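Data first, discussion second: the structure below is written as structure tokens.
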Amino acid sequence: MPTALITGITGQDGSYLAEFLLQKNYTVVGMVRRTSIINLERLEPIQDRISLVQGDLLDEGSLIGVLREFAPDEVYNLAAMSFVPTSWQQPVLTGEATALGVTRMLDAIRLVNKGMRFYQASSSEMFGKVQEVPQRESTPFYPRSPYGVAKLYGHWITVNYRESYGMHATSGILFNHGSPRRGLEFVERKISLGVAAIKLGQLDKLRLGNMDAQRDLGFAGDYVQAMWLMLQQSDPQDFVIATGSTHSVREMCAVAFEHAGLDYNKYVVQDQRFYRPAEVDLLVGDPAKAGRLLGWEPELGFKELMHSMVDSDLAKLQSGVRLPDLQEFTTVRF
Ligand code: NAP
Ligand code: F7E
């Protein structure tokens, strides 16, 4: 059975991808960085079926060691500093992990065994100030944050290693995707958790930034399947993965609050602290190439996703699961 190495396995996508590959009978190895508190919450249901190994995208020697020890057939590079606002506060760290980290992994593969297949988690943030609507594989890039710039470097170095060394290296340009496992700071999760907390009388107001921004939002569980499909192609190519529809942050609020029987106008407060130095106003992808060549299409729709996230957060809060102090969570700028 093939072996897959997943960097970023402790993150949202890493946990869904690990589950998906286990179902396909892969041996799954996850690379985790050293932290003072062990953070394997998303992996709890599958922890005894995967191997975890320490490594960090900032340290090429650790990557070479992991590749030598486990000899994976496929490497999924999902690790990154992935939160856009932090990329303005820590632009150099973002460049080290999200940009140069990709080169470190590609170069480690080149040195150990360039026959390993490589997936790079690229992002619709590379389109930034969009040059075309909808965005497709041929749309010119115009990133609007240090994160977007770092991802663009990761994208081009993946293309470059493919063309320079004949490696099976693929860049998946994924549009926003969430789930009940989404980090609390990303807008759709901040909304679902806020709705649940307000419904249960644990929070008065939800503080948000720009509610006019529009995003093409799908379900992470659907998107990890596209990652795997890309690595099964005989010819490595880049793909846009998206739903093809877009929704404003205001619409996300309307759908989520309404699901809990609430009117968002009474609870949402716009707060300048959550606005960004440069915004990405509109993202909407064209997944036609993925449909045609991979046979991929998303299953869970926007409303169903928002509803499932609200239901999950209601259940978590009702069962007494400890989440960060809610007032702090909605006012600290992240
Ligand atoms: P996430 O939940 O933030 O997970 C990021 C992962 O990267 C975590 O496991 C984190 O480890 C790890 N990581 C960060 N820095 C690292 C380093 N220096 N060395 C090793 N591991 C490191 O992100 P996600 O939503 O699952 O996204 C997965 C990937 O897809 C990311 O590259 C993201 O930029 C990209 N992407 C995401 C979306 C989306 O909408 N979700 C869309 C397009 C692209 P810790 O647990 O230790 O922090
Ligand atoms: O913001 C607006 C904000 O932080 C979405 C990452 O997974 O997807 C994600 O990046 C929009 C922006 O995601 C708040 O201004 C309003 O326009 O949820 P987000 P993102 O920046 O689109 C891409 C594809 C990735 O690759 C990234 O890794 O929502 N917004 N009010 C807010 N956003 C946040 N976070 N918090 C607010 O209060």
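The values are calculated or read from the model by the stated rules, or taken from the named source; none is laboratory data. As the structure is a prediction and not an experimental result, all values here were calculated from the model. Because the Cβ atoms are built from the backbone with ideal geometry, glycine has one as well, and the counts that use them run over all protein chains shown. Just the protein is used for accessible areas: all its heavy atoms, side chains included, with ligands, DNA and RNA removed. Shrake-Rupley method; radii C 1.70, N 1.55, O 1.52, S 1.80 Å.
Here are some notes:
- Meets criteria (in the same structural domain as Phe274 (by TED's automatic domain parsing) and farther than 15 Å from Asp263 by Cα) for Asp204: no
- Restricting attention to the range 200-236, the residues that are within 21 Å of Arg292 (Cβ to Cβ), touching a residue at least 24 places away in the same chain (Cβ under 8 Å) and open to solvent by 50 Å² or more (accessible area, probe 1.4 Å) total 1.
- Annotation note: Cβ proximity below 7 Å between a residue of the range 163-181 that is open to solvent by 10 Å² or more (accessible area, probe 1.4 Å) and a residue that is more than 14 Å from ligand 1 (Cβ to nearest atom) (sequence gap 6+ or interchain) occurs for Tyr165/Arg110; Tyr165/Lys114; His168/Arg117; His168/Pro236; Pro180/Ser308; Pro180/Ser312.
- Residues of the range 33-58 that turn out to be touching an Asp or Glu at 6+ places or on another chain (Cβ under 9 Å), near ligand 1 (Cβ under 9 Å from one of its atoms) and open to solvent by 20 Å² or more (accessible area, probe 1.4 Å), as a count: 3
- Arg49 outside the structural domain of Phe186 (by TED's automatic domain parsing), among the basic types (Lys, Arg) and out of contact with any Leu (no Cβ under 6 Å at 6 or more places or on another chain): no
- Some residue of the range 85-108 being in contact with a strand residue (DSSP E or B) (Cβ under 7 Å, 6 or more places away or on another chain), open to solvent by 50 Å² or more (accessible area, probe 1.4 Å) and β-branched (Val, Ile, Thr): no
- Any hit, the range 237-247, residues being touching an Asp or Glu at 6+ places or on another chain (Cβ under 7 Å) and open to solvent by 50 Å² or more (accessible area, probe 1.4 Å): yes
- Residue, least open to solvent (accessible area, probe 1.4 Å), within the range 62-84, restricted to residues that are within 15 Å of ligand 2 (Cβ to nearest atom) and not in a helix (DSSP H, G or I): Asn77
- Screening Gln225 against (1) closer than 21 Å to Asn39 by Cβ; (2) over 13 Å from the mean Cα position of the chain (by Cα) leaves a single unmet condition, (1).
- Of the helices (runs of 4 or more DSSP H) contained entirely in the range 218-334, not one carries at least 3 residues that are among the aromatic types (Phe, Trp, Tyr) and at pLDDT 95 or above.
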